[in-house]
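Here the structure is laid out as C-alpha cells; the discussion comes afterwards.
The values are calculated or read from the model by the stated rules, or taken from the named source; none is laboratory data. What you see is a predicted model, and the numbers here were worked out from it, not measured in a lab. Counting neighbours? That spans all protein chains shown, and the Cβs are built from the backbone with ideal geometry, glycine included.
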Amino acid sequence: MAEQSDTIVLEVKDLCKSFGSNKVLDHFNLELKKGENLVVLGKSGSGKSVLIKCIIGLMRPEQGSIKILGQDVLSLDHESLDRLRMKIGFLFQSNALYDSMTVRENLEFPLRRHWMKSEMDRDKVNSLVLEALRNVGLEHTVDMMPVELSGGMRKRIALARTLILQPEIILYDEPTTGLDPITAKEIIQLMIDLQKKYQTSSVIISHDMQCVTMASDWVVMLIDGICYASGPYEELQKKQDEKIRLFFH
C-alpha cells in the first residue's frame with residue numbers, strides 16, 4: 001500500500017440520511033487518512049452508495065457534517081463544490097462512459113470541464129489522455145468506441161478517466177461488480193498500483209471480499225446504518241460477533 005500519514009483528508013461525522021421511514025444512515029462516522037485505502041463493507045442495500053453520493057454532494061443528508069481536504073462540503077456553493085470535485089475522482093459502478101464518444105473523447109471530457117481548461121493546449125490534452133491510457137495498459141484503444149471494449153477494458157478506461165486530473169481522493173463505487181474473478185483481481189491490483197504511483201487516498205465501496213482482502217488498509221462495516229465495526233481486515237476476521245462473521249464465512 002501507499003505510505004500513509006495521520007492527516008485526515010475526509011471526515012464524515014454523525015451523518016443521517018432517510019428515505020421516508022427508512023433510516024439508511026444513522027449517525028454514521030468515517031475518517032480517511034492521506035495515502036490510505038479505506039473499504040466500506042456492507043450488504044447490498046445497506047446504504048453504501050447513498051454514503052458515496054452524500055460525500056460527493058449528489059445527495060444532501062438531514063444531519064451531520066462532511067469535510068473533504070479541510071472544506072465543509074455541505075456549506076459550499078455550487079462553484080466551490082465544483083472546484084473541490086476536481087480534486088476527487090469518482091469511479092461509477094456502471095463506468096458511466098459515453099457510448100457516443102470515442103475513448104479519447106471520454107477521457108477529454110473531464111479536462112474540458114476543468115476550470116483551468118483555457119490554459120490547456122491541444123498537445124497538453126493529448127499528452128494527458130495518452131498518459132492516462134498508458135497507466136491502464138490501453139493506449140491502443142484511444143480511437144475505439146466503448147461498445148468495442150470488453151467489460152474489463154471499459155472498467156480500465158473508466159479508471160483512466162477518473163485519474164486524468166490526478167485527484168487527491170478517489171471514491172470507488174463497487175469497482176468489481178459484473179467482472180469475472182480474474183478480471184476483478186486485475187482491476188484491484190491496478191487500483192493499488194495507481195494509488196502507489198499518485199499517492200492518492202481512496203474510499204472503496206464494496207461487498208466483494210477479494211477486493212477487501214487485497215485493497216484495504218482499513219475496513220469500516222456499514223451495518224444497520226451505523227459504523228458497526230472498523231479495523232484492519234485481519235482483526236475483523238477474528239471477531240465473534242454474528243453480524244460481522246456473516247461477511248467472512
Review point. Of all residues in the range 143-165 being surrounded by fewer than 15 Cβ atoms within 10 Å (Cβ to Cβ) and of a type outside the set (Gly, Ala, Ser), which is farthest from ALA96 (Cα to Cα)?
Key: ASP143
Point to revise | Hey, LEU222 surrounded by fewer than 22 Cβ atoms within 10 Å (Cβ to Cβ), assigned by TED's automatic domain parsing to the domain that holds GLY47, under 23 Å from ILE55 (Cβ atoms) and touching a Gly at 6+ places or on another chain (Cβ under 9 Å) or not | key: no
Review point. Can you pull out the residues in the range 14-30 that are out of contact with any Phe, Trp or Tyr (no Cβ under 9 Å at 6 or more places or on another chain) and under 22 Å from GLY70 (Cα atoms)?
Key: HIS27, PHE28, ASN29, LEU30
**Study point:** Near pairs, Cβ below 9 angstrom, 6+ apart or cross-chain, from the range 222-245 (touching a residue at least 24 places away in the same chain (Cβ under 8 Å)) to any residue that is in a helix (DSSP H, G or I) and charged (D, E, K, R)
**Key:** LEU222/LYS48; ILE223/LYS243; ASP224/LYS243
Review point. Counting only residues that are of a type in the set (Val, Ile, Thr) and outside any strand (DSSP E or B), which one in the range 14-63 is surrounded by the fewest Cβ atoms within 10 Å (Cβ to Cβ)?
Key: ILE56
Study note, to complete from the structure: Counting only residues in the range 195-236 that are more than 19 Å from the chain's Cα centre (by Cα) and charged (D, E, K, R), the one nearest to ASP26 (Cα to Cα) is identified as ASP224
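Say whether the condition of being of a type outside the set (Lys, Arg) and in contact with a His (Cβ under 9 Å, 6 or more places away or on another chain) is met by at least one residue in the range 76-84. Reasoning before the result, please.
First, the residues of the range 76-84 that are of a type outside the set (Lys, Arg): 76-82, 84.
Next, only the ones that are in contact with a His (Cβ under 9 Å, 6 or more places away or on another chain) stay: none.
Checked the range 76-84: no residue is of a type outside the set (Lys, Arg) and in contact with a His (Cβ under 9 Å, 6 or more places away or on another chain).
For every residue, the table says whether it meets (1) assigned by TED's automatic domain parsing to the domain that holds ASP26; (2) within 16 Å of the chain's Cα centre (by Cα).
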{"residue": "LYS48", "(1), (2)": "yes, yes"}
{"residue": "ILE56", "(1), (2)": "yes, yes"}
{"residue": "PRO61", "(1), (2)": "yes, no"}
{"residue": "GLU108", "(1), (2)": "no, no"}
{"residue": "LYS124", "(1), (2)": "no, no"}
Exercise for review: Would you confirm whether any residue within the range 66-89 is among the small types (Gly, Ala, Ser), surrounded by 13 or more Cβ atoms within 10 Å (Cβ to Cβ) and in a loop (DSSP other than H, G, I, E, B)?
Suggested key: no
